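Participant: One structure is given below, represented as structure tokens, and several questions about it will come after.
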Amino acid sequence: MQKSVRLKSFDLIAQDIAEADIQLLHALSIGVGWPHRPADWEFLRRVGQGIVVVDGIGRVFGSAMWFPHGTDFATIGLVITTPRAQAQGAGRWLMEQVLEHCGQRDLSLNATKPSYSLYVSLGFIPEATVFLHNGIAARLPDLPAPNGTLGALPVDGIEEITAIDTRAFGADRSQLLAQLAKGGELCILRRDDRIVGYAMRREFGRGHVIGPIVAENDDDAIQLAGWHLRAMEGRFVRIDTREQDGPFPALLEQAGLVVGETTTTMSKGRRFLNRTAGAPWVYGLAGHALS
Ligand SMILES: CC(C)(COP(=O)(O)OP(=O)(O)OC[C@H]1O[C@@H](n2cnc3c(N)ncnc32)[C@H](O)[C@@H]1OP(=O)(O)O)[C@@H](O)C(=O)NCCC(=O)NCCS
């Protein structure tokens, strides 16, 4: 695989993203209107791997990352080329290298509109729409009492959610969850002495992200999201969900989180989203690049 590329007057080379200046990565994402803070890039570099394309004097023209979960699955994200270098082949070149690095792993990503045709041409199949809800969290109406016991889970109890998360997500992402939980807030719902759902919240971008949200049904998902939304009243919150209709997105709208954008969950290899009635399901994504 070629490790350098020529775009018009620029000779670009690929480098490990771990070596890139975080401020240049921040400038790259700002350039395409994304909300990531330098701290969000730091976090993503801790939990994933990636490459950047740079020119001879170290300017960053593009990035792409992958996040291995277990031994045979990875999510892809942070695929960006700077606007002045777009439509010249750099995005495809970055993605070809990501695919080489990911080898035989099954893959999933959430495609923005500008990237959709690139991923189709690389063999990714669309599975679902993601609705990016965000806004200033409004006061929630009273919710019915939860079916079970709802409360905070300390960070050192994080292994308790691994089993339900693996069933919902379809791969073991316990290492990622442990990192997400550091500095975040976590609530769980217990029923009949077992964990039937959980939701996390952490700082991201303009405010906070609530996610992952994992639950067995809409009512539980609403209780878990509501626990965080109440704590966030008056502050900027984002929740990415694949729920299009029904009580869960209705709650988000009631909470003032409107759909700002939609993206498409796509996969290459095994199908990623496999929903079974009554089984745990991901109601809220961990993050756009993390799924
Ligand atoms: C998506 C993105 C990374 C593509 O990067 P790029 O450097 O423009 O990609 P390429 O030049 O390699 O083009 C890849 C394909 O995209 C399509 N494409 C790119 N620019 C296009 C344009 N201006 N009009 C129409 N199609 C275009 C083409 O289908 C092209 O396929 P081809 O190789 O057969 O010509 C870039 O547009 C970007 O950073 N967008 C903003 C951030 C984003 O949405 N990232 C995706 C996250 S999932």
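Participant: Could you tell me which residue of region 6-47 is farthest from the ligand (Cβ to nearest atom), considering only residues that are β-branched (Val, Ile, Thr) and outside any helix (DSSP H, G or I)?
Facilitator: Filtering first and then ranking leaves 13.
Participant: With the requirement that a residue be charged (D, E, K, R) and closer than 23 Å to residue 31 by Cβ, what does region 65-122 give you?
Facilitator: 84, 92, 96, 113
Participant: Only residues that are more than 6 Å from the ligand (Cβ to nearest atom), within 26 Å of residue 286 (Cβ to Cβ) and not in a loop (DSSP other than H, G, I, E, B): list them for region 70-88, please.
Facilitator: Hits for region 70-88 are 73, 74, 75, 76, 77, 78.
Participant: Regarding residue 172, is this residue modelled with pLDDT under 95, away from the ligand (no atom under 16 Å from the Cβ) and open to solvent by 60 Å² or more (accessible area, probe 1.4 Å)?
Facilitator: So residue 172 does not fit the description; no.
Participant: I would also like to ask the following. When you check residue 58 against the structure, is it assigned to a loop (DSSP other than H, G, I, E, B), not assigned by TED's automatic domain parsing to the domain that holds residue 209 and not basic (Lys, Arg), yes or no?
Facilitator: In short, yes.
Participant: May I ask you to list the residues in region 57-69 that are open to solvent by 10 Å² or more (accessible area, probe 1.4 Å) and either in contact with a Leu (Cβ under 9 Å, 6 or more places away or on another chain) or within 13 Å of the ligand (Cβ to nearest atom) (or both)?
Facilitator: Across region 57-69, the qualifying residues are 58, 59, 60, 66.
Participant: Enumerate the strands (runs of 3 or more DSSP E) found wholly within region 92-190, keeping only those where 2 or more residues are among the small types (Gly, Ala, Ser) and within 22 Å of residue 271 (Cα to Cα).
Facilitator: Those strands (runs of 3 or more DSSP E) span 106-111.
This table checks each residue for (1) assigned to a strand (DSSP E or B); (2) at pLDDT below 95; (3) more than 21 Å from residue 129 (Cβ to Cβ).
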site: 200; (1), (2), (3): yes, no, yes
site: 214; (1), (2), (3): yes, no, no
site: 220; (1), (2), (3): no, no, yes
site: 227; (1), (2), (3): no, no, yes
site: 240; (1), (2), (3): yes, no, no
site: 243; (1), (2), (3): no, no, no
site: 261; (1), (2), (3): yes, no, no
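Residue by residue, here is whether (1) over 20 Å from the mean Cα position of the chain (by Cα); (2) within 22 Å of residue 46 (Cβ to Cβ) holds:
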site: 110; (1), (2): no, yes
site: 115; (1), (2): no, no
site: 123; (1), (2): yes, no
site: 127; (1), (2): no, no
site: 170; (1), (2): no, no
site: 177; (1), (2): no, yes
site: 182; (1), (2): no, yes
site: 196; (1), (2): yes, no
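Participant: Of all residues in region 257-291 being open to solvent by less than 30 Å² (accessible area, probe 1.4 Å) and among the small types (Gly, Ala, Ser), which is farthest from the ligand (Cβ to nearest atom)?
Facilitator: Here the residue is 279.
Participant: Of all residues in region 97-119, count the ones that are within 11 Å of the ligand (Cβ to nearest atom) and open to solvent by 70 Å² or more (accessible area, probe 1.4 Å).
Facilitator: The number of residues fulfilling the criteria is 4.
Participant: Here's a follow-up. Determine whether residue 248 is aromatic (Phe, Trp, Tyr), open to solvent by less than 10 Å² (accessible area, probe 1.4 Å) and under 15 Å from residue 133 (Cβ atoms).
Facilitator: Values: aromatic (Phe, Trp, Tyr): yes; open to solvent by less than 10 Å² (accessible area, probe 1.4 Å): yes; under 15 Å from residue 133 (Cβ atoms): yes.
For residue 248, the condition - aromatic (Phe, Trp, Tyr), open to solvent by less than 10 Å² (accessible area, probe 1.4 Å) and under 15 Å from residue 133 (Cβ atoms) - is met.
The values are calculated or read from the model by the stated rules, or taken from the named source; none is laboratory data. Computed from a predicted structure; not experimentally measured. When we count neighbours, we look across all protein chains shown, and the Cβ atoms used for this are built from the backbone with ideal geometry, even at glycine. The area values use the complete protein model at the heavy-atom level, side chains included, leaving out ligands, DNA and RNA. Shrake-Rupley method; radii C 1.70, N 1.55, O 1.52, S 1.80 Å.
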